[in-house]
Amino acid sequence: MMPFGRYSVQSQAGVGGMGTVYRGTQLSLGRPVAIKVLRVSDGYDFAFEDRFRREARAMATLNHPNIVGIYDYGHLGTEFLFFVMEFVDGTDLGAIMAQGRMTPALALQLLPQICAGLEYAHSKGIVHRDIKPANIMLTRQGEVKITDFGLAKDVMHSQSKVTETHMVMGTPEYAAPEQFNAHREVDHRADIYALGVMMYQMLTGALPRGSWQPPSALRPGQVDPRLDAVVIRAMTPERQHRFQSVRDMRLAIEAALVPSAAQTPSAPLQPMPAAGKAGRVLLLEDDLMVRYLLRRALEKASFEVVETGDGTETLRQYQEAMHRGAAFDLVILDLTIPDGMCGRETMMHLRRIHSQVLAIVSSGYRDDPVMKDCAAYGFAAALPKPYQIEGLMQVVNGALAVGRRAA
């Protein structure tokens, strides 16, 4: 059935929801290829023909070593569609995990490659929308190849960025919350969410269902706790709080791969300096990655830092410190805490406990009234996100100077 003289077909390689894949040969070049074939009538009810054509066109725009390349596309009479793509001599991550061959070490070798492929696709305006282990191939040489762009959407050239009406796109275990809303726009951050789920599964061997534990808690001693923050941020339900690009996520993963000793060139961050050398800071921040970065920057400047993720715990820590006679010199409060007491409310209670409390409000919402006029709410300064270390320390030292003058 294939165009005469162009291809030969040797065997069936796999069957999936988007057709059957055969192993073949492109006769003109003598190279192995994979040939995907769809019977049009089989997919009529689900617009498979449109999705099949979309996959071919999406892949045709992508030329990257971590994305399966496409060579040809067309019709076979009136019954079938086909496209010819790069043959991957290997298997997919789903099979590797099912066989128990995935380890945290292997996961950390593969994740930067997966990120690189997705980063490139997003730069071309292509959102995959179905990232999962079965769609990540691995060659025998250890090279990652992202495949199956059947649900891909070209957000640069599409007239509408909204998912097809009444269609939930993606595989449920890996789909971002917005993909379950058929009338909501789905952008590249849905791929970031799915990548977070897959990263969790690669590191732990389990899917993050229900009240899931961080990867390092499931694999103590095997998974670096610094990776917990990467997974948690990628899987944040509110997409504005996730990594805003795959590049940012890749850099966070790569940063966690650097041994701690290599991150401390001249002035070691550990052990902690003696309490009171620069001051004691109480930090309220629910984003684990942001909290980690803040703590590291403050500790490098010789501050003692106590972390909390909810305003209630912040109040408890502040009261206990006062009772011990070791009050905090400064409090940094995240303005928005979706699942707990927010920074503004926490500040109201802190001022009742200690009228002279010295605090900084932190937020990415720069137009919020508290950020615009922080003094009206009792704050000494406002710290906009994202942070630059120089700006952070300037705000912190400025607030402490204000506190010393007031004292």
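The values are calculated or read from the model by the stated rules, or taken from the named source; none is laboratory data. The model shown is predicted, which means the values in this text are computed figures rather than measured ones. Positions of Cβ are generated from backbone atoms using ideal geometry, with glycine treated the same way; all protein chains shown enter the neighbour counts.
Listed here are the residues, each with its yes/no results for (1) buried (at least 21 other Cβ atoms within 10 Å of the Cβ); (2) β-branched (Val, Ile, Thr); (3) over 21 Å from Leu118 (Cβ atoms).
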| residue | (1), (2), (3) |
| --- | --- |
| Arg209 | no, no, yes |
| Val223 | yes, yes, yes |
| Gln240 | no, no, no |
| Met249 | yes, no, no |
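Across the stretch 388-402, the qualifying residues are those that are in contact with a strand residue (DSSP E or B) (Cβ under 9 Å, 6 or more places away or on another chain) and surrounded by fewer than 17 Cβ atoms within 10 Å (Cβ to Cβ), and the one among them that is farthest from Leu283 (Cα to Cα) is Val402.
When you check Ala376 against the structure, is it among the aliphatic types (A, V, I, L, M), without any contact (Cβ under 8 Å) to a residue 24 or more places away in the chain and more than 23 Å from Phe303 (Cβ to Cβ), yes or no? Outline the logic, then answer.
Details: among the aliphatic types (A, V, I, L, M): yes; without any contact (Cβ under 8 Å) to a residue 24 or more places away in the chain: yes; more than 23 Å from Phe303 (Cβ to Cβ): yes.
So Ala376 fits the description; yes.
To keep it simple, each residue is scored yes or no on (1) modelled with pLDDT under 85; (2) at positive phi; (3) part of a loop (DSSP other than H, G, I, E, B).
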position: Leu62; (1), (2), (3): yes, no, yes
position: Tyr73; (1), (2), (3): yes, no, no
position: Thr78; (1), (2), (3): yes, no, yes
position: Val84; (1), (2), (3): no, no, no
position: Gly94; (1), (2), (3): no, no, no
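Taking every residue in the stretch 232-246 that is in contact (Cβ under 8 Å) with a residue 60 or more places away in the chain and of a type in the set (D, E, K, R) and pairing it with any residue that is surrounded by 20 or more Cβ atoms within 10 Å (Cβ to Cβ) and part of a loop (DSSP other than H, G, I, E, B), at least 6 positions away or on another chain, the pairs with Cβ-Cβ distances below 7 Å are Arg239/Ala176. In the stretch 357-379, the qualifying residues are those that are part of a loop (DSSP other than H, G, I, E, B) and touching a helix residue (DSSP H, G or I) at 6+ places or on another chain (Cβ under 7 Å), and the one that is surrounded by the fewest Cβ atoms within 10 Å (Cβ to Cβ) is Tyr365. Residues in the stretch 188-216 that are touching a strand residue (DSSP E or B) at 6+ places or on another chain (Cβ under 8 Å) and more than 20 Å from Gln109 (Cα to Cα): His188, Ala190.
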